[in-house]
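Report on the following structure.
The values are calculated or read from the model by the stated rules, or taken from the named source; none is laboratory data. All figures in this text were calculated on a predicted structure; none of them were measured in a lab. Every residue, glycine among them, receives a Cβ derived from its backbone with ideal geometry; neighbour counts consider all protein chains shown.
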Ligand SMILES: [Zn+2]
Ligand SMILES: [Zn+2]
C-alpha cells in the first residue's frame, strides 16, 4: 500500500487552505457538520474512499491507502485537542482573519500573531498582551491557540487566572473533591503542555500562596521552553514589579515579547 507521492508534494502548495490541507467550515454548527474538513482543492479532490473509515480503497484488486487518510486522521486529533483546550465558548473557532485591528497597537499585535503562527515552533517562547479590558487581548490569544492547534495539532490549554486557575487548585485540597490531592498533577500538566494561554494574569500582592503558585507556573513554562501567552489588564512593568520579589516579572521579560493593546473597548466594534 502506498500513497501518491506526487500528490502529497502538491498538497504543500495549495493557497486555498494555506498549505494545511484542512479548511474551516464557517457555518458548521448550523449545517450539522464538523468544524473542519479536508481541503476540497488539494485533498478531497483526490479522495477515493468517500471519506469512509478506515480510508482505504480498492484498485486492481489491491487495497490502497487513500490520499485523504493523513488529513482526516489529523482532523480527528485536532478536534480532540480542541475540545479539551478550555477555550472560551465565545472565541471558539475564531481565526486570524476575524481579528479586526482597531489601532496601530492592535495591528502590531496581530502581526506578531501571524509570525508566531507561521514560524511555530521556532519562535520566542512567549507573548504578553496588556491593556484596558475589552481591547481584544483574550480574543487574539484564543485565535493564536486555535491557529496553532489547527496547523500543528499541538496540545494547547486556555486557563483564566481570575475564573478557574486558583479555584481548580484549591479544590484539590479538599477531601471529597473529585480532584483531591491532584494539585501536582494539574500543575505538571500546565507546565508541560505545548502551548498555554494564561488569561487575566495578575493577583493581589497580599496572597503569598498565589504569588508562589503563579511564579511556579511561569518558571515551569520558562524552564520547559514551552510557548505561552499571557493577557493582563495591568502594565506588567508596574503591576508585577514587587510580586514574588520581582521574580515573576523577571521571568516574563526573559520569555515574552511584551505588547500593549490599548484603545477603546474592542467588543463594541465586533
Ligand atoms: Zn488545499
Ligand atoms: Zn479518501
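Determine whether segment 48-60 contains at least one residue that is within 16 Å of ligand 1 (Cβ to nearest atom), not in a helix (DSSP H, G or I) and not assigned by TED's automatic domain parsing to the domain that holds residue 149.
Yes, some residue in segment 48-60 is within 16 Å of ligand 1 (Cβ to nearest atom), not in a helix (DSSP H, G or I) and not assigned by TED's automatic domain parsing to the domain that holds residue 149.
Within segment 8-54, can you find the residues that are closer than 20 Å to residue 80 by Cα, touching a strand residue (DSSP E or B) at 6+ places or on another chain (Cβ under 9 Å) and more than 16 Å from ligand 2 (Cβ to nearest atom)?
Of everything in segment 8-54, those that are closer than 20 Å to residue 80 by Cα, touching a strand residue (DSSP E or B) at 6+ places or on another chain (Cβ under 9 Å) and more than 16 Å from ligand 2 (Cβ to nearest atom) turn out to be 24, 25, 28, 35.
Just to check your reading of the model, which residue among 97, 122, 132 is part of a loop (DSSP other than H, G, I, E, B) and farther than 28 Å from residue 239 by Cβ?
122
Please give the number of the condition residue 57 fails out of (1) near ligand 2 (Cβ under 10 Å from one of its atoms); (2) within 18 Å of residue 16 (Cβ to Cβ).
(2)
For segment 66-97, what are the residues that are away from ligand 2 (no atom under 16 Å from the Cβ) and touching a helix residue (DSSP H, G or I) at 6+ places or on another chain (Cβ under 7 Å)?
Selection gives 78, 81, 82, 85, 87, 88, 91, 93, 94, 95, 96.
Filter segment 221-247 down to the residues that are modelled with pLDDT of 90 or more, crowded, with 17+ Cβ neighbours inside 10 Å and assigned to a helix (DSSP H, G or I) and list them by number.
221, 222, 236
Test each condition in (1) buried (at least 19 other Cβ atoms within 10 Å of the Cβ); (2) within 18 Å of the chain's Cα centre (by Cα) for residue 97 and report the one that comes out false.
Here residue 97 clears every test but (1).
Kindly indicate whether residue 117 is surrounded by 15 or more Cβ atoms within 10 Å (Cβ to Cβ), closer than 21 Å to residue 15 by Cβ and more than 16 Å from ligand 2 (Cβ to nearest atom). Working first, answer last.
On the way: surrounded by 15 or more Cβ atoms within 10 Å (Cβ to Cβ): yes; closer than 21 Å to residue 15 by Cβ: yes; more than 16 Å from ligand 2 (Cβ to nearest atom): yes.
The answer is yes for residue 117.
When residue 20 is evaluated against the numbered criteria (1) assigned to a helix (DSSP H, G or I); (2) within 12 Å of ligand 1 (Cβ to nearest atom), which criterion, by number, is the only one it fails?
So residue 20 meets the others, but not (1).
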